[in-house]
1. Taking only C-alpha pairs under 8 Å that are 6+ residues apart, what is the relative contact order of chain A in percent?
2. At q = 0.10, 0.14, 0.21 Å⁻¹, work out log10 I(q)/I(0) for chain A with the Debye formula, treating every Cα as an identical point scatterer and leaving solvent out; two decimals please.
3. What's the exposure ranking of A:87, B:14, going from fewest to most Cβ atoms within 10 Å?
4. Work from the charge dipole of segment B:4-163 (Cβ charges, +1 for Lys and Arg, -1 for Asp and Glu, about the Cα centre) and give the residue of B:44, B:110, B:67 farthest towards its positive end.
5. R0 = 22 Å: FRET efficiency of residue A:119 with residue A:71, Cβ-based, nearest 0.05?
Number of protein chains: 2
Amino acid sequence: MAEAGIMAGTQSVEATLDEAAAACAARGAQLTDLRRQVLRLILAAPHPIGAYALLDQLRAERPGAAPPTVYRALDFLRQQGLVHRVERLNAFVGCTGAEAHHACGHGHDHPHQFLICSVCGATAEVCDSRVSEAVASAARAAGFRPVRMTVEVEGRCAACAEVT
Amino acid sequence: MAEAGIMAGTQSVEATLDEAAAACAARGAQLTDLRRQVLRLILAAPHPIGAYALLDQLRAERPGAAPPTVYRALDFLRQQGLVHRVERLNAFVGCTGAEAHHACGHGHDHPHQFLICSVCGATAEVCDSRVSEAVASAARAAGFRPVRMTVEVEGRCAACAEVT
DNA sequence: CGCTGCGACGTTACTCTATATCGCATATCG
DNA sequence: CGATATGCGATATAGAGTAACGTCGCAGCG
Ligand SMILES: [Zn+2]
Ligand SMILES: [Zn+2]
Ligand SMILES: [Zn+2]
Ligand SMILES: [Zn+2]
């Protein structure tokens, strides 16, 4: 596990961006310059990043940027499964589980879980089918028809747990 | 408005408030008038209610109320396990799983899951230990030490699923 | 060519959510 | 009595998200 967000050197980010552009194109969508810039900022951030922090950084390249600018890009990136929203943090993070989903045949709106370290802020995405099935099963047992689920765990990451 | 599934009549609300006051007292905390008013509003609401909707209603009885007024009360009520926050909705709801937790020996910060109907807005709290254990187990498998978890499922409740 | 529809983006102006402070009153204790 | 803690009123500000409208560029078409 390449430690939540600390991975991704600059090269790797650009490579990911190219892959993302290809994936979008394959679905008839296009990763425009703006969307690419926003995705680059998210991937370059060490941790989940808020919409307004994103906006501040974006303004360096695009002075006219306003909240709708970044939110529209975020909506697109989320639809494409390139970015997830961390509800507990009101922040956004790049999807790091794509390979697994492709292997499992999942589309671009796949079930996932977040492990959020309350010490260092690192956030890791995991995709445990036992979890998603347990949740779905509990929901159905209550007569509920599940569509989307949010599973976020707060605690201490491996690195921060050692220090204790 | 008993549509939210597990609804409480007005009498039941007052009874719940008395129970809550007793539970707080047993822990050395006090359910003051303000906190009681806020909890009453939450329990009387048919659905999870936002902090500012709460504030509007609170001002009817307490004209000077301001955001910190309601947020302080909410913080207290959450600490006491009387109220939960629904992250997906930025809203608050009364705990309806208290009996189960007492039976299980859980304290006042118990693991729970929400089923949120995207059609009618009804939100049900369930406490499935298989879910919380599956999540905790997945977290530990990643070297993570879980402390608190948020599990929220969006979909259709039994009533709204029938209509299809 | 001009017309039209559409998607992406710019721009303004808001609403809603949440927190930071400051300050005052009371209560409780040594 | 002073000292500390809690509850709460009041103002201000930060952060998150949306509505509404306008503009530009481009594809399709008569
Ligand atoms: Zn993902
Ligand atoms: Zn950590
Ligand atoms: Zn509960
Ligand atoms: Zn429903």
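Nothing in this text is a laboratory measurement; each read-out follows from the coordinates by a stated rule. Note that the structure is a prediction, hence the values are computed from the model and not measured. Cβ atoms come from the backbone with ideal geometry, glycine included; neighbour counts cover every protein chain shown.
1. The value is 20 percent.
2. Log10 of I(q)/I(0), two decimals: -0.40, -0.77, -1.48.
3. Going from least to most buried by this count: B:14, A:87.
4. Working it through, the farthest residue towards the positive pole turns out to be B:67.
5. 0.15
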